[in-house]
Each structure stands twice: as C-alpha cells, then as structure tokens.
Amino acid sequence: MLDIGRREFMTMLGGATAAWPLAARAQQSAMPVVGFVNAGSSDALLAAAFRKGLNEAGYVEGQNVAVEYHWLEGKFDRLPTLMADLARRRVAVIATPAGNHATQVAKAATTAIPIVFGVSEDPVKLGLVESFARPGGNLTGINFFTSELEAKRLALLHELVPKAVRIAVLVNPANAPTFESQLRAISDAAHAMGLQIQVLKASTRSEIEAAFATLARDRAESLHVAGDVFFTSRRVQLATLAATNRIPTSYPSREAVETGGLMAYAADRAGMYRQVGAYTGQILKGAKPADLPVLQSTKFEFVINLQTARALGLDVPPTLLARADEVIE
C-alpha cells in the first residue's frame, strides 16, 4: 500500500478540489454564448419560448449553450454600448426578438456575428436583409408585423366603441423609427374611418402616468396603445390605469388582456420568440444566416376581456364576439 502522510494527503485532496472548479469553468467557457437583447422588461414566458426553440435545435441552456439575457427596461440608449460589447467579446449569436431598433444597432456593430431578429417592420425596408428568401449577410429571423396590424386594431376598437370619434394614441418616441411608421399607419386608418386622433408620447413609467393624467383631464373616449416592446412590458400599469380612468383601450398583445385589458389584436409573440430560438440553435449547429429565409408570422390573435367590457359599461356586439379567437369571461 502507498504510504503517505496526512499533510501530503490533504495537499493532494486540496489540489484535486481546486482542479474541479477550474475544469467546470473551462467546460462552461467552451460553451457558445448567445447574447439575448430585448428592450422590454424581463418576461419569463417569452424567455421560456426562446429556450423552447433552442431545445428544438438540440441546445439546452447551461448544458451546451450559455445565454446572456439583457432586458433593457425601455432604455434604448443603452443599445450601442451593449452591442459594441457583445461584438467585442465575439459571442456566437446575437438574438434580438421584438427589436427593430436593437437589430439595427446590432447590424451596425458587427458584420461577422450572426444576428437572429424578430422585427415588426419589413426587414428589407429596414435595410436588414436583401430579400426574404435570400437574406444575405449575417442576419435572418422573423417578421411578426405591427404597423400592418395597427389599422386592423384601430377598426376593431372603433367597432367596439362606435360613439368615440376622437381616439387617443399612445406611442413611444424612444423606439425610432418604429413609432413614426406606426403613426403614419394609424393616421391613415383614422382618416379613412372619419376619426380624429390625439397623440400622446411616453418612454418611461412616469410618462405613462402623465399621459393618463392628460387622458383623464381631456375625458378621452378611447385609447389605442401602439405596438411597442416597452408598452408590452408595462401592460399591468397600462391596464390598471385604463381601468381606473375607465378608458376603453386596445393593446398590442394578448398578455395585456390577460392582465385585465379590454382587447388586443396581435401576432403570436411567444411563437415568434420560439422561432428566434430555433433559428439561433440552427446557426449554432452550423447553418448560415444567409441560407435561412426570413419567416413571417401566420398566427394572429383577437382577444376580448368580457369582464372588463362589462366594468366599462360596454355592450360587445355579437358579431365582434364571434370573430374573437378568445373571450376572457
């Protein structure tokens, strides 16, 4: 038997113990790193949808891929520094679900790192890709539409509140150029329906509160919340203020209706996050963004909260209920 003293044994044991963390760290550092960037607030359900997409491609967070989540809480001014840092560290993929502006900043930061986006505008018009079928370059992803849905959502709100001829519109000026295209789409749709709009701007929680103070003072007849990742992350605040001030409000996500909002018409956001995750996984396996066609959302949801409608004293037309994908009692 090998004869060693207690001191020698403890020295060997300590060396082995120290080696394990080093090995674990080396294994972890060998994992590809995905930089996940979203301008909204942390959302467990959407992050889970992204991970589900990764799983479909054979990647499990913490086992064979590391994901850095960057939720910016509506602070778009942090994007240039963050993207420059991700580019400097040469992460494996940058994922920007629900991020027109984030994707544009990422594109400006790197032409080498693959970028998988979820954008609400036409990515060709945004200058992100050459075409849907052949993206070219280092970007691809999914177009989930927002501005294109604004007119439809405005019409549904008008159908629900037909006596309202002046509709307030809440936009986020920090999310340029998205809010500009949204305003054009909303203005054109309102003009076609003979409606007037009152534009209110908010980029922070306190500015949302100030906007609702203005709405209460002006006795707003209804409110259309423009599609924006920050507004979606502030859905509880928006729904609460709308209920408190008794303002019929249309939202850009079903989650807002689930938290007490009146109605929403939007693309399936969870499905979009899953697809961004799936494409991210495919690229980690060796696919090139240029060879992955840009996809388009095909699932759209019209959701009405009937309990909120009753609280507001609204009679929802049977024809509108019949068209709803889901009615929350």
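The values are calculated or read from the model by the stated rules, or taken from the named source; none is laboratory data. Bear in mind the structure is a predicted one, so any value in this text is a computation, not a measurement. When we count neighbours, we look across all protein chains shown, and the Cβ atoms used for this are built from the backbone with ideal geometry, even at glycine. Side chains included, ligands, DNA and RNA excluded: accessible areas come from the protein's heavy atoms. Shrake-Rupley method; radii C 1.70, N 1.55, O 1.52, S 1.80 Å.
Residue by residue, here is whether (1) of a type in the set (G, A, S); (2) open to solvent by less than 60 Å² (accessible area, probe 1.4 Å); (3) at pLDDT 90 or above; (4) touching a Lys or Arg at 6+ places or on another chain (Cβ under 7 Å) holds:
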residue: T17; (1), (2), (3), (4): no, no, no, no
residue: A30; (1), (2), (3), (4): yes, no, no, no
residue: A57; (1), (2), (3), (4): yes, yes, yes, yes
residue: V60; (1), (2), (3), (4): no, yes, yes, no
Within region 31-87, residues being in contact (Cβ under 8 Å) with a residue 24 or more places away in the chain, of a type in the set (V, I, T) and closer than 18 Å to G99 by Cα number 3
For A267, the lone unmet condition from (1) of a type in the set (A, V, I, L, M, F, W, C); (2) open to solvent by less than 30 Å² (accessible area, probe 1.4 Å); (3) modelled with pLDDT of 95 or more; (4) closer than 25 Å to S181 by Cα is (3)
Checking R246, R274 in turn, the sole residue that is basic (K, R), in contact with a Lys or Arg (Cβ under 8 Å, 6 or more places away or on another chain) and either in a helix (DSSP H, G or I) or surrounded by fewer than 18 Cβ atoms within 10 Å (Cβ to Cβ) (or both) turns out to be R274
Residues that are under 26 Å from V34 (Cα atoms) and not polar (S, T, N, Q): does region 296-314 have at least one? no
Per the filter on region 215-234, residues buried (at least 18 other Cβ atoms within 10 Å of the Cβ), part of a helix (DSSP H, G or I) and either at pLDDT 95 or above or on the phi > 0 side of the Ramachandran plot (or both) are L215
Picked from region 67-76 (must be in contact with a helix residue (DSSP H, G or I) (Cβ under 7 Å, 6 or more places away or on another chain) and at pLDDT 95 or above), the residue surrounded by the fewest Cβ atoms within 10 Å (Cβ to Cβ) is Y69
How many residues of region 82-92 are small (G, A, S) and buried (at least 18 other Cβ atoms within 10 Å of the Cβ)? The answer is 1
Screening L46, L79 for residues that are modelled with pLDDT of 95 or more, surrounded by 15 or more Cβ atoms within 10 Å (Cβ to Cβ) and of a type outside the set (S, T, Y) leaves only L79
Among residues of region 279-305 being within 17 Å of the chain's Cα centre (by Cα) and of a type in the set (F, W, Y), the residue surrounded by the fewest Cβ atoms within 10 Å (Cβ to Cβ) is F300
The condition of being touching a strand residue (DSSP E or B) at 6+ places or on another chain (Cβ under 6 Å) and of a type in the set (A, V, I, L, M) holds, among A189, A98, A185, only for A98
